[in-house]
Amino acid sequence: MSLVTYVDLLVIGGGPAGLSSATTFSRLKRTCLLYDSELYRNQGVKYAHLISGFEHSNPYEFKLKMKEDLLKFYNDTFEFRSGKIINLRKLDFNKGFEALDDQNRLINAKKVILATGLKDKLPNIQGVKEQWGKKLIHCIFCHGTETANAPFAFLLTRENASMNPKLVESMLKLWRSLNHTEKYILTHGMDVETEQGRKDAGLEDRYDLLKRLGYKIISTPIMSITETSDGKLMDIKFEDNKHLEVPAMLLFPEGFSANEHATPLLTEDFLEDKLAMFGTIAPPSKEMSITGLPPRMGDDPRTNVKGLFWAGNSGSAFANITISLAQGQNAAVMAGDQIGEEEMNVL
Ligand SMILES: Cc1cc2nc3c(=O)[nH]c(=O)nc-3n(C[C@H](O)[C@H](O)[C@H](O)COP(=O)(O)OP(=O)(O)OC[C@H]3O[C@@H](n4cnc5c(N)ncnc54)[C@H](O)[C@@H]3O)c2cc1C
């Protein structure tokens, strides 16, 4: 028979969102158990930016410090377990949630925070996975600055056709101030000599301007991406056997899905809703923000299920580390508030 651990809060996921939830909740001197299966979205990234006070820090060490602080300051109420939650269900009669881990241990939690992250969908080009977060970058604020004053490439793919016009606008509005010495646009088989090719590549409106500004457009499909032998450049090999060597390239993911360790938990049955676009947990309110996306920047950590909350990329695809930290706090405050209210009602 399995032993059951009873806790006030179960946090699933030990990225920035989960660790921040646990830190905040621990301030209440209530019991908190955190599980982490260590499949982080930014796995392998050496330096993260935009974390005030920790600029250009190793994201793994940053998480390690958060975990060490939790164990140092809150070891009377906080427990960390390395492992995976493989099943989660809501119990009847307001008895909270029951979770099962990969070692067959049961957990009974009054509240649960899903801080399970997400997964980026990358184009199926040889070498992309290996370079992701290294020389292949997705965000100017996270890693773009370091590419300034050197050659740079922008990769546009057909699967991203709906996003490409926005990416092209961002090249002109944001990336130009980095003064890349040579600028390449790779359209991976979208023939910009045709109207359809330009449309798919998002270049319809800005083609002439980009040409005038000196952007070189290469339409040939990419065969593979590797590193040069000195590790300094990315070697992009095309189907016509030509090569391009650049220090770095922008690639926006072709989509997102829930972290694969969390997929078995995030069922429609359990969440009482389908996953939203990007594989994220749907908000209880279906209102859209002005961007047309669900209101997802930390304003509402609830889900459709009472007592179940989200934080970080599990519910918000565009949350960076700082925003995930803030969302973790929000979710923990609300979980603590709910427990307190339920206790108060029976005083
Ligand atoms: C290439 C790249 C570079 C980036 N660089 C930056 C940067 O420089 N600055 C910045 O601010 N942001 C950056 N980001 C964004 C950053 O990675 C995310 O904002 C952040 O990781 C979100 O934190 P999270 O806690 O929501 O998810 P994650 O960090 O992905 O953590 C989720 C955790 O939940 C665990 N988990 C999932 N399911 C289960 C389960 N069933 N049981 C137990 N554990 C589970 C996973 O294993 C994982 O450990 C970058 C992202 C990418 C892809």
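Numbers at a glance
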| quantity | calculated |
| --- | --- |
| Evaluation of residue 108 against (1) closer than 30 Å to residue 141 by Cβ; (2) of a type in the set (S, T, N, Q); (3) not in a loop (DSSP other than H, G, I, E, B) (one fails), failing number | (1) |
| Contacts under 9 angstrom Cβ, first residue in the stretch 304-333 being in the same structural domain as residue 284 (by TED's automatic domain parsing), partner of a type in the set (Ser, Thr, Tyr) and within 6 Å of the ligand (Cβ to nearest atom), 6 or more apart | 310/116; 311/324; 312/116; 312/324; 313/116; 313/324; 314/116; 316/324 |
| Strands (runs of 3 or more DSSP E) fully within the stretch 1-97 counting 3 or more residues that are within 9 Å of the ligand (Cβ to nearest atom) and touching a Leu at 6+ places or on another chain (Cβ under 7 Å) | 85-90 |
| Residue satisfying all of: in the stretch 97-143; farther than 20 Å from residue 43 by Cβ and under 17 Å from the mean Cα position of the chain (by Cα); modelled with the lowest pLDDT among these | 140 |
| Condition check for residue 147: away from the ligand (no atom under 16 Å from the Cβ), at pLDDT 95 or above, surrounded by 14 or more Cβ atoms within 10 Å (Cβ to Cβ) and of a type in the set (Val, Ile, Thr) | no |
| Residue within the stretch 202-220 that is surrounded by fewer than 19 Cβ atoms within 10 Å (Cβ to Cβ), within 16 Å of the ligand (Cβ to nearest atom) and in a helix (DSSP H, G or I) present | no |
| Residue in the stretch 238-259 that is nearest to residue 141 (Cα to Cα), counting only those that are out of contact with any Leu (no Cβ under 7 Å at 6 or more places or on another chain) and modelled with pLDDT of 95 or more | 248 |
| Odd one out for residue 164, checked against (1) outside the structural domain of residue 269 (by TED's automatic domain parsing); (2) crowded, with 19+ Cβ neighbours inside 10 Å; (3) touching a strand residue (DSSP E or B) at 6+ places or on another chain (Cβ under 9 Å) | (3) |
| Unmet criterion (only one of (1) more than 10 Å from the ligand (Cβ to nearest atom); (2) touching a residue at least 24 places away in the same chain (Cβ under 8 Å)) for residue 103 | (2) |
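The values are calculated or read from the model by the stated rules, or taken from the named source; none is laboratory data. Since the structure is predicted, the reported quantities are computational estimates derived from the model, not experimental observations. Because the Cβ atoms are built from the backbone with ideal geometry, glycine has one as well, and the counts that use them run over all protein chains shown.
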